[in-house]
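To keep things clear, I will list the structure first and then write my remarks on it.
The values are calculated or read from the model by the stated rules, or taken from the named source; none is laboratory data. Everything numeric in this text was worked out from a predicted model, so none of it was measured. A quick note on method: Cβ atoms are made from the backbone with ideal geometry, for glycine too, and the neighbour counts reach across all protein chains shown. Areas reflect the complete protein model, heavy atoms only, side chains present, ligands, DNA and RNA absent. Shrake-Rupley method; radii C 1.70, N 1.55, O 1.52, S 1.80 Å.
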Amino acid sequence: MNKKLVNAVGVTMLAGAFLLVSHASATEEYDVKAFGPKNPIVWDKPVKVVFEHRVHTDNAGLECSSCHGDIFAMQRGVAIQTSQLTMASLAEGQFCGVCHDGDTAFASDTNCSACHIVPDDPIVWIKPAKAVVFYHKIHTDEYGLDCDSCHNDAFAMKKGLAENSDNFTMKALYNGHYCGKCHDGETAFASNTLCNTCHIGVKGYNRMMGGVPHADKKSGH
Ligand code: HEC
Ligand code: HEC
Ligand code: HEC
Ligand code: HEC
Ligand code: HEC
Ligand code: HEC
């Protein structure tokens, strides 16, 4: 056999063996009966929360029956439909709060980002000044702030509330409200400096929204 062919066969066999191995470990990796459903349970009302079975069964060693019975139905969507699944009920020791009480597991009024997902999309305000932009990930991932450093003291965990307040102005920021809670020259750069890091202006807004808005194009007639 010529050497090139031997090599080619060898490589093919290796690749075949690798595929077999990786296939086997991929099927081995997740055992639904032992760990519960693989896909995370996601709630989106009113804010995004993720629940992972495996963290609780495989990692924390809980039995299915420690939740399925009294606390949760074995069916997605039941808890949220009761309208009782809120931070307040967790704090009263219901749902996740049966265990997330600071004793059995970390308390539900700490470690917000363990359960809550950081929003991807930037928040953009166009009132009163067009436009100001806020990026979650810069604050949470890059600067390590947990959700409760802004929610619900400086901002509600809901888009639009600040913008609809007459008080959402530079004066309020200078007085330590909203972004000014931190952007005071000590915790973060002061609000009376670097205007353009927060203000992207009309041009920046149009660029962000993907070019010239419809209304502007038609403004000729
Ligand atoms: C720490 C709590 C907890 C444990 C332990 C747990 N589950 Fe769950 N399970 C949940 C929650 C929460 C839901 C979603 C309920 C809801 O949306 O109302 C759920 C939902 C389910 C669902 C429905 C999923 C769907 O897509 O409809 C199945 C099936 C399930 N669990 C199986 C299991 C099995 C099997 C085990 C044990 C290996 C287990 N669970 C252990 C909390 C738990
Ligand atoms: C153990 C998990 C868990 C932790 C930790 C947690 N939350 Fe929640 N949170 C939930 C669940 C579950 C809901 C209700 C379902 C939904 O809104 O999607 C919720 C809902 C909310 C809501 C919607 C309104 C309300 O009151 O229910 C806000 C706001 C909120 N959480 C803020 C926070 C903040 C701030 C922290 C940290 C101080 C935090 N959460 C920590 C699980 C958690
Ligand atoms: C039966 C008890 C129990 C219930 C109910 C429960 N948990 Fe947990 N959870 C635990 C334990 C135990 C741990 C591991 C110890 C710890 O992290 O404090 C844990 C850990 C976690 C973690 C940390 C994951 C990580 O990566 O370390 C998250 C997030 C979480 N739980 C979310 C939830 C949410 C959301 C709910 C409600 C839908 C919930 N849990 C309900 C017992 C529970
Ligand atoms: C830390 C972020 C931030 C910085 C820095 C900042 N602003 Fe603002 N500014 C805001 C926010 C948030 C609003 C309110 C939302 C909106 O108007 O779109 C606002 C609103 C305004 C407004 C309209 C409301 C009012 O107070 O009259 C003006 C004008 C303004 N900024 C000018 C400036 C100037 C000039 C600078 C620099 C000296 C500056 N801003 C720096 C975040 C910032
Ligand atoms: C540095 C401040 C800051 C931090 C930290 C922060 N947020 Fe926010 N968040 C905001 C601001 C500002 C808004 C917009 C409020 C408004 O428009 O009134 C907002 C809005 C939201 C909204 C509503 C968005 C929408 O599109 O409706 C959600 C959900 C949210 N935050 C979740 C989180 C979660 C989860 C964390 C932690 C992982 C977090 N935030 C950390 C400042 C922050
Ligand atoms: C809980 C504290 C806190 C709040 C509230 C806060 N920020 Fe920040 N922000 C920081 C910290 C810390 C940094 C990083 C240090 C610095 O740049 O001075 C930062 C950095 C930034 C940056 C620079 C990002 C980069 O590219 O590095 C911008 C822009 C910004 N914030 C905008 C805002 C706006 C707009 C608001 C209000 C909607 C806001 N921040 C509210 C703490 C905060």
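See the values below:
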| read-out | value |
| --- | --- |
| Computed P(r) (all Cα pairs; segment 123-217; 5 Å bins; percent) | 3, 12, 20, 26, 20, 11, 5, 3, 0 |
| For segment 68-195, projected area of the alpha-carbon convex hull averaged over all directions, nm² | 9.9 |
| Principal axes of segment 94-158: Cα extent on each, largest first, Å | 48, 23, 17 |
| Accessible area (Å², per residue) of segment 78-197, counting only protein heavy atoms and a probe of 1.4 Å | 64 |
| Packing-based ranking, highest mean first, of 168-177, 32-41 given that Cβ atoms within 10 Å are counted | 168-177, 32-41 |
| Student exercise, segment 123-217 dipole from Lys, Arg, Asp, Glu Cβ charges, in Debye to nearest 20 | 560 |
| Karplus (6.51, -1.76, 1.60) ³J(HN,Hα), θ = phi - 60°, over segment 141-153, in Hz, Gly and Pro reported as x | 6, 6, 9, x, 7, 7, 3, 6, 6, 10, 9, 10, 8 |
